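The values are calculated or read from the model by the stated rules, or taken from the named source; none is laboratory data. If you're wondering where the values come from, they're calculated on a predicted model, not measured in any experiment. Here the Cβ positions follow ideal geometry from the backbone for every residue, glycine too, while neighbour counts run over all protein chains shown.
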Amino acid sequence: MQKMLKSVVLGVALMGGPVVNAQITTPRILSAGPNRSANLEEQLVNRLRATRDDQRAYIKHVVGLTKNGKLETKLVVAVERYAMRRNSHYPFPFFERALKYEAAKRGTALPTVRNFASTRTTGPANGGILP
């Protein structure tokens, strides 16, 4: 009797439980080392929502300039925060324009993201159309 009562209670508990929904998000790159905090490149890619390869290549170039001492890290972080305030849903264009302006004021020329675009031709084999 007790066994039957337990199974009925268990069945009711499983049937009447809350429905759980999940959200699929883009994968985030995180450091694999012992220090689990994100480095500058990972932070910029994730917070600026850099989803395309050319945007990620641009961020890699900016991080390289900070490592070489041509740009200050605190300038890059400040411009990133500015871009987040301007448009938190898609801040990358604001980051690109503002950083180009601020870098030019400091004597460093930054290319546009278009310069980092892939030079791969699109053909029928790649899913594109012929011109």
Could you count how many residues in the stretch 77-116 are closer than 11 Å to residue 58 by Cα and β-branched (Val, Ile, Thr)? 2
Checked 96, 80, 72 against criteria (of a type in the set (Asp, Glu) and farther than 23 Å from residue 52 by Cα); the one match is 72
Residue identified as out of contact with any Asp or Glu (no Cβ under 6 Å at 6 or more places or on another chain) and more than 17 Å from residue 111 (Cα to Cα) among 82, 58: 82
Which numbered condition residue 117 misses (of (1) modelled with pLDDT under 95; (2) out of contact with any Asp or Glu (no Cβ under 6 Å at 6 or more places or on another chain); (3) among the aliphatic types (A, V, I, L, M); (4) surrounded by fewer than 18 Cβ atoms within 10 Å (Cβ to Cβ)): (2)
Considering only residues that are touching a helix residue (DSSP H, G or I) at 6+ places or on another chain (Cβ under 7 Å) and assigned to a helix (DSSP H, G or I), which ones fall in the stretch 62-84? 62, 63, 66, 73, 75, 76, 79, 80, 82, 83, 84
Identify, please: which residue in the stretch 44-96 is surrounded by fewer than 17 Cβ atoms within 10 Å (Cβ to Cβ) and among the β-branched types (Val, Ile, Thr) and is, among those, nearest to the chain's Cα centre (by Cα)? 51
Yes or no: the stretch 104-112 includes at least one residue that is surrounded by 15 or more Cβ atoms within 10 Å (Cβ to Cβ) and either out of contact with any helix residue (DSSP H, G or I) (no Cβ under 7 Å at 6 or more places or on another chain) or in a helix (DSSP H, G or I) (or both). no
